Each structure stands twice: as structure tokens, then as C-alpha cells.
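The values are calculated or read from the model by the stated rules, or taken from the named source; none is laboratory data. Since the model is a prediction, treat every value here as computed from it, not as a measurement. With ideal geometry, Cβ positions are generated from the backbone for all residues, glycine too; neighbour counts draw on all protein chains shown. With ligands, DNA and RNA removed, areas are computed over all heavy atoms of the protein, side chains included. Shrake-Rupley method; radii C 1.70, N 1.55, O 1.52, S 1.80 Å.
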Amino acid sequence: MGPFDPSAAAAAAAAAAAAASSSSSSSCSGGSAPKRHHHHHHHHPPPDLDGLLAGAGYKVRSSELHHVAQRLERLETALVNSAAHIPHLASDAVHYNPSDLASWVDSMLSELPSSSFSSPCLPSGFPDPYSPAAAALGGGWVDHPSCSPHPQPHQNVVVPQQPQPQQQQQLTVVTALEEDSGIQLVHALMTCAESVQRGDASLAGSLVEEMRALLTRVDTSRGIGKVAGYFIDALGRRLLGLGSAPASAFENEVLYHHFYEACPYLKFAHFTANQAILEAFDGHDCVHVIDFNLMHGLQWPALIQALALRPRGPPLLRLTGIGPPSPDGRDVLREIGLRLAELARSVNVRFAFRGVAASRLEDVKPWMLQVSPKEAVAVNSIMQLHRLLGSDPPRDPPIGSVLPWIRSLNPKIMTVAEQEANHNRPGFLDRFTEALYYYSTLFDSLEAACPVQPDKALAEMYLQREICNIVGCEGAARVERHEPLDRWRARLGRAGFRPLHLGSNAFKQASMLLTLFSTEGYSVEENEGCLTLCWHSRPLIAASAWQAAPTVVNSPAGVINHDDNNNQLSCSPVPMLSIETDIPSSIQ
Amino acid sequence: MVHHHHHCKEKRPKFCINDHVDVLAEILKRLDGRSLCVAACVCRLWSALARNDSVWEHLCFRHLSPPPPSSVRPVVSALGGYRRLYMVCIRPVLSRLGRSRRAELPWRVRSREELQLSLSLFCVDYYERLGNGSGGGGSRFGDGSASASSSLMFLCKPVNV
């Protein structure tokens, strides 16, 4: 092998990336090297020629590697910026001897009007600078799908004697503007995702590096730059096998809280659910709410207050809050329960709280909730059901066991709020694309709605966690398995629920709530009885309500159905304040 | 000279509004929020009257017809009082909603729902202040400002009279 100049190694490796295989260490004289009809295959290249390139069919002196690499980069930039000359160059390419790379690139450069560009070039790994037609396509990301699959280094090594006519027609020169860097980023992300789906980890890895380089030329404080940054990080983590960063329950709570403050999504979900629950509880004097994710209990003050102002007086309210077990001996659930109890006491609502600490929703068993048959039950799930859709095969997703036990509680109403997106498709590329568009919209709305720091930054971190999980994890670890409303309708229908239409009150309240946020762009849409919050008519969050579908049992006396009429005034006496916390024994 | 005055005008004592607190209260009840705050800066008597929660209750429900049920008062008092309700919730809600008038719905209906929404937000505000006040556990809710709870930051920051 010829001497390999270490100082030019980086430049040469980049330049050679398209010529050799993607890892510079592997020899390419195997089967993929092209055979030029006028070029003899050398077993022992002359000592001053670079060995790797010689194996690919190019004669470049090692001492000239750095120079050639630089000039190739300049040629690439020049081609991108001089649209008019490309057809001319393409048709004249056969006049030059591409195997003598140094003189070829010099003569190409001399052909072009001005080749002195000081701006940094495109990452040289992307296009193939050796093939004239392909080089001219280096900036043409817009026509990406119709080009030869990008970038396949092996194919780029083949230098066509004649330029393909269809490639000439597809030439679209894109100038080095910010916008186009954004477009390049998106295309690069798609390519990377596609290579991940195919299992080509080395290509994906090099693409991630190149995308990071692209990021330096894009404004990462807003728009596509910011979102792309998160997705690139997530891809990087996936390739390293890191998955999502582990998060403590405390961190989750802090991020959740700031997400609650920064944007209207959670407030919309809470207020809509509360309105539906309030209407469902009309006429009942013992009511029981089961919250699948208590967090700080921010949803419940408004419900307590609304119940306090009921015309017939407040009912006895029991709240069962499910949440993760707290470390370091604190009992967060109990603290939240105490706060809610104090609020209830000040407005004279009889209140009882029970906390159930479980790290996963599927670990909760119905008996822990201690539902009494005389009370009206409301089950509240804000962005929790989708977490039950994933599992490590061969186990079934836990949703199959959770929905039945919810149904067995015979709830008067179940309120469900979920992200309106399809991030649970089996193919990685589909998921990735969907997620990219969804989170771009979400970040846009965050940008407009929340100028306040640090809320915005922490809210973005909250979303970044979701992105990392969707892109970086698989199996049971991937919990962010969002599904759109139609699929939830079907799933809940199969599980024995039927939809409950959210009324006009809920709609009006949601519209008013959105108007309070100081930005145009949000709107509420009604979708067959469910409400969706949209940003510029792209739905983001869907809130819906369900009731247990009556099961009809034939008996001699007639039809018995499970519609309950719980209008009893006598509930078992419960003290004014009652706080209990339960930790399922299967956990801990 | 003084006798001349008494001759020309009928014998009438000089009228000072501060001697007639009930009249003053009636007048203050009819002011808008901003004027009420200004009035509270006039003198101690006016300040005391302006801080009286019933004046603010009147302000909150002025446009509401029929007036809200009597059960509202204890709830609002427990959650912080009408003055706070007005400053923290009602005023921002009305001013924000006023920006985007929708002509279809009559003014009254919207007021009732606006009131309901304001009460809900007010309750969340109270709840968060409970969290702020509970020492170490509450401090994680961010800024320690006692007057504004963080979840209502998306409304304007209230001015404490």
C-alpha cells in the first residue's frame, strides 16, 4: 500500500468515503471496484499512488490527496452554484480522464466561471464528486426520491461514460440558503431513518454525524432547526443503544408542571374532562373519581369547586389517585391528597382521598381501588392509555387486561385524552415521519404560545423526552405509542365502551380557554362528539368521553341491563377527611 | 361675611361625602375596576371601603343576569375573596375575551361561562398557593411570588392593590 499521509487522512477519508465503502478501513478492491476499459487492474499500485483510491480505479498521488480533496470540495460548491454550466459540463465529461483525479478536477474547475467560494461546503460525504452528473445533483435534494438511492457509496464509484439523460433533466440546483439547509436536514433525517429501518447502522451513524454538521449552519433556536436537533439526538441515542434517558419521578413532575403552564394542551384536557365528569355526576350524591396519573392533582381543584357550586349541593367526593411510588421515604401521593382535602374543606365538599402507588398502570388491580357499588365512578386517563400498548414479545400488550377491568368497574364515565397522532406504526420510517411532522407542529405552537422562560425550555424538554422514546426505544420500553382517535374508538368499542358525546358546554369552555392564550392559531374542533385541540387546523390533542356499554342479559323477567341508577342518598358514613395510601404488594 | 352667606343660602351644613359612608359605598360599587383601585388610594376611609369585598363582588357580577346563586359567595371567600378573583382571573379573562368578540352569542350567556371559567382558574390558583405555602414540598413549584401562582401566568400578572 502506498504511504498514507496522516495529516490528509481526514480530508482524504471524506473524499474517499464516496469512492471507497463507508468505512475507510475496509478494502474496496473486492468486487465493487469498477473496471475501466482503458485502465489496467494493478495488483501492486505504484508506490506514490494512494492505495485505497487505486483499488477503486483512481490514480491519485498520496502527496496530492489533500489538494485533490480541497479542489473536489470547491468543484462541488461551484457546480451547485452555477446552474447554466452543468449540462455543458455533463456532456463534456467524457473528454476528461476521471481516473487521473488531480488533473480532472483541475480542468473541471478551470471550466467554471468562478470557483473561489469561501463559504463552507456541503458535507462531502453526501454527494459523489467524482461522477459529473451525480456531482451536479449534490445540491439537488429536492429531487431526492427520483435519484439513485442516496448515498450509496458503491454505486457512486461507477462513473458513467455517458451521462444518463434522465439525470440531466432532474438537475435542480439549490443555492446554499438557510431554507435549503432546512430541506436538506429533513431529507437527511428521512434517509437516516430509512437506513435505520433497513438495519444499515454504519450508514445511519455517518449520516448522524453529517446532520450534526449541517445543524451548525441552521438556526437551531427555532423552527426546523430546533426540532431536527432533537430528532438527530434521538437517532444518535438509538444507534448507540441508549434508548431514553432514565428520569426520576421528580424530574418528570417538574417537566410536567412546566408543560402544564406553558401551553394549553393539558389544561384543555383537564377542563374538558372535568366538564364531562360534572355532567355525568349530575344527580349522584356519592361519586368516585379514579385518576390514572395524579401528578400534582392540578385537574381536581376545578372539579371540586364546580361540585361545590352544584345547585343541589356538593356530593361526597372520593378521589383515588394512581402515581409512581416516591423514593426517599416521601409519600407524594399523600401530600397531594392532603392539599386537595384542604381545598375541599374550605369549600365545604366532603372529600376522601386514596393514593395507589404503582410504577406501571398494569400493576394496579381493581380491588385496590375499593369501588363501592353505590357510587358513580368516573375513570380519568390523561395521556395514559397509550402507554399500555407496548410489550416485549411474546407477551401481549397490557391494554388487553386493563380495559376489561376498567369495564368491570362499570364506570358512569371514562374520560380519555390522547395525542392525536399515529406513532405506533410497525415500520420505523413511518413512525419517524409522523413524529417529525407532529412535533414540528407542536414546537411551532409552543413557540407562539409561550414566550415565557423557563417554562418554554422545560416544556420543550418534556416533549424531547417523548421524541427520544418514540425514536429511540422498542418493545416494552417504548411507551409513547400514540394512536389517533379512530383507533381508540375501535379499541374502546371492542372493549365494551360506547362513546358519550361531549356537550356544547364543554366546547364553549374549551374555546374560551383557548382564547385566553395570547396567540391566534389554536382552535377547538368537534369530531363526532369528541373535541380536538388544533394548531392551525392540525389536530394535536383529542379529548373524548366513554361510558360502559350496557350488556344485555336475557332472563325470564325480561332484560336486565347494567345501566345504574345510583340515586341513593345514603352512602356509608365516611369521615370528612380520609387519606389513605396503598402500595400494591407486587411492586416495591 | 359668614352671616351674609347664611342669609343668602338656606341653612345647610357643608356636605362631606366621608360623613356618609353608605352613600360612598354605593358610589364605589358602581365604579369599574381601575377606578376602584384609584379610589383606594385617596384616603384611609376610601381605602377601607374599597377593600371591602362586597364592592368587588358587585363588580364581578355586575353584568351577570340572573345573579349567581348564594352558594358562590362562601366558595369565593374561601378561595381568596372577590378582590383577588377580580384581579387574578376576571379582569384578564374579560379583557382577553373582549379582544375576540363573537357576535353570535349574547353577552349574558358568555358572562356566565366566563364566570365559571374564571372560578375554575381561581380555584387552581388557590390550590397552587397552597402548594407554595407548604414549605419545602411546595418550593419546587418555581417562583416564590405569593401574589401570582404559576399556572395562571398565561394571564397577565395581577397588580396588587
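For every residue, the table says whether it meets (1) free of Cβ contacts under 8 Å to residues at least 60 places away in the same chain; (2) touching a Pro at 6+ places or on another chain (Cβ under 7 Å).
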residue: A:L343; (1), (2): yes, yes
residue: A:S346; (1), (2): yes, no
residue: A:V349; (1), (2): yes, yes
residue: A:A352; (1), (2): no, no
residue: A:S359; (1), (2): no, yes
residue: A:P366; (1), (2): yes, no
residue: A:V371; (1), (2): no, no
residue: A:N380; (1), (2): no, no
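Residue-wise test of (1) under 14 Å from A:P264 (Cα atoms); (2) touching a strand residue (DSSP E or B) at 6+ places or on another chain (Cβ under 8 Å).
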site	(1), (2)
A:C450	yes, no
A:R465	no, no
A:E474	no, no
A:L485	no, yes
A:F507	no, yes
A:L514	yes, yes
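Given the conditions (1) in contact (Cβ under 8 Å) with a residue 24 or more places away in the chain; (2) out of contact with any His (no Cβ under 6 Å at 6 or more places or on another chain); (3) surrounded by 20 or more Cβ atoms within 10 Å (Cβ to Cβ), report the number of the one that A:M512 does not fulfil.
Condition not satisfied by A:M512: (1).
Restricting the search to the range B:61-111, which residues are open to solvent by less than 30 Å² (accessible area, probe 1.4 Å), modelled with pLDDT of 85 or more and not in a helix (DSSP H, G or I)?
Result: B:G81, single match.
With the checklist (1) within 30 Å of A:H501 (Cα to Cα); (2) crowded, with 18+ Cβ neighbours inside 10 Å in hand, flag the one item A:E279 doesn't pass.
Only one criterion is unmet by A:E279, namely (2).
With respect to A:R212, determine if the residue is open to solvent by 40 Å² or more (accessible area, probe 1.4 Å), over 26 Å from A:P539 (Cα atoms), in a helix (DSSP H, G or I) and away from chain B (no Cβ under 14 Å).
So A:R212 fits the description; yes.
Identify all residues within the range B:25-46 that are outside any loop (DSSP other than H, G, I, E, B) and under 13 Å from the mean Cα position of the chain (by Cα); write none if there are none.
Selection gives B:L28, B:K29, B:G33, B:R34, B:S35, B:L36, B:C37, B:V38, B:A39.
For the subset of the range A:478-518 comprising residues that are within 23 Å of the chain's Cα centre (by Cα) and among the charged types (D, E, K, R), which member is farthest from A:P398 (Cα to Cα)?
That would be A:D486.
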